[in-house]
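The structure appears right after this line, and notes come after that.
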Amino acid sequence: MALERTTNRTVRLRNRAALLSKLFLEGPLTRQDLARGTGLSQPAVSNVVADLIAAGLVVGAGALESDGGRPSMSLRVAPRFALVAGVDVGETRVRVELFDLSMALLASADYPIDAARPDPATVVRHIVAGLAAVTDQAGVPRADLLGVGVGVSGVVVQDREAVVYAQTLGWDGVPLERMIRAEVDVPLHIDNGAKTQGQAEMWFGAGRGARHAVFALVGSGVGATVVSNGATYRGVASSAGEWGHTTLVYGGRACRCGARGCLEAYVGAEGIIERYREARRGRAVPGADEESQINALLAAADRSETARRVLDETAAYLGAGVANLINLFNPERVVLGGWAGLALGSRLLPEIRAAAAAQALRKPFEQARIELGQLGVDAVALGAATLPVAQLLAAGGVRAATAVPA
């Protein structure tokens, strides 16, 4: 009897997870849509939906017109069942954003970082201040937070607590999760920023519907997320996707990681700006920060042969890097994102595609689409905010210390 109760509870949780995930990612949907989409029987769907409505997880989203008979009621995940926060720890700023469960943005806070290598304590201070700021702006208590997701540069080793190894930042085993937990009492989820961007684009953006994709993040640093058969490939210690530190030119330009010839040294914002400065015979690039300097380069390209040449080279380097991704992983899509990737791609995407075509094997190139991310510069924070949501969906909507009827 105990085994039967355990089995029934396991099946019930699995069914809840399947229906809740379907509603979150594809809703609003009717009960009939859910039955067709999950393969569950109509009675099973009705029973589970009734549980989810009773728990406050699911609400009606309006009646649909019918050709006859009773109208169907569409359903959605209740937007205010809980709130989630996403944090983008970049190299030039910390961005904190607050969302409801429809992933509507409720509030945001932004904190520039002046130092070339951000101090972990400063980053934590900005995260704590940002969480206070966004909950105050939205007029909600901290207790309403389901969790906080953090996207950060470098390798994030998930053990009993998340530890960050960001070689280019000088972070060697920074106990970021412990440092944040010392200041805020909320569930934390920490991952690499390229991976959180990839999850956001898979769920809501350019990756929707794909099973095999690569999401490239080009900003101050360069990284990627590899999605294989719908799941993020992580490797043995979650460091898979360090695309920026693959070798493009053996013995080439010095990279911040200490090696030479890395892709990041050619297409990361710092590398592009340095190549432009050298092309200008050492004259400083206009602009107060990396973003304004990249914009200055783009603006100058219409009147300056030097700027055009640097951008042409950048497109060629990026295309070669994309070709490597295509040859290695045979994706359906390669999605270019990150603030610098979007700025460059908006002007150079045809040239990047042409360079990739010249370097990639013909058949896998024909099978891949190369496109820009659809979620803009907020993709890392949005993806980070989905980390606690993903845990809630996998658990069938059960929060800690909450029981489900057997």
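The values are calculated or read from the model by the stated rules, or taken from the named source; none is laboratory data. Owing to the predicted nature of the structure, the values given are computational and were not obtained by experimental measurement. Neighbour counts are summed over all protein chains in view; Cβ atoms, including those assigned to glycine, are modelled from backbone coordinates with ideal geometry. Calculation scope for accessible area: heavy atoms of the full protein, side chains included, ligands and nucleic acids excluded. Shrake-Rupley method; radii C 1.70, N 1.55, O 1.52, S 1.80 Å.
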Q) Val174: net charge of surrounding residues, Cβ under 13 Å, Lys/Arg +1, Asp/Glu -1, itself excluded? A) -2
Q: Using a 10 angstrom cutoff on alpha carbons, build the Gaussian network for the chain and name the most mobile of Ile352, Ile53, Ile326.
A: Ile53
Q) Using Cα atoms only, what is the angle between the long axis of helix 269-279 and the major principal axis of the chain, expressed in degrees (0 to 90) to the nearest 10? A) 20
Q.
Just to confirm, what accessible area per residue do you get for the range 288-368 at 1.4 Å probe, in whole Å²?
A. 47
Q. Under the classification rounded if a/c is under 1.5, otherwise prolate if a/b is larger than b/c and oblate if not, where does the range 103-213 fall, given a ≥ b ≥ c as square roots of the Cα gyration tensor eigenvalues?
A. oblate
Q) Rounded to the nearest 500, what is the chain's calculated 222 nm mean residue ellipticity when only DSSP H runs of at least 4 contribute -39500 (n - 2.57) each, over all residues? A) -14000 deg cm²/dmol
Q. Between Ala265, Ala17, Ala381, which gets the highest mean-square fluctuation from a Gaussian network model of the chain, Cα cutoff 10 Å?
A. Ala17
Q) What length, rounded to one decimal in nm, is gained on full extension from Leu298 through to Asp136, with 0.36 nm per residue of separation minus their alpha-carbon distance? A) 54.5 nm
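What accessible area per residue comes out for the range 118-193, rounded to a whole number of Å², with a 1.4 Å probe?
43
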Q.
If I compute solvent accessible area with a 1.4 Å probe over the protein chains, what percent of it on the chain is carbon and sulfur?
A. 50
Q: Give me the distance between the Cα centres of the range 71-97 and the range 233-305, rounded to whole Å.
A: 32
Q) Quick one: of the DSSP bridges fully inside the chain, what percent are antiparallel, nearest 5? A) 65
Q: May I ask you to order 82-91, 37-46, 160-169 by the average number of other C-beta atoms within 10 Å around their residues, highest value first?
A: 82-91, 160-169, 37-46
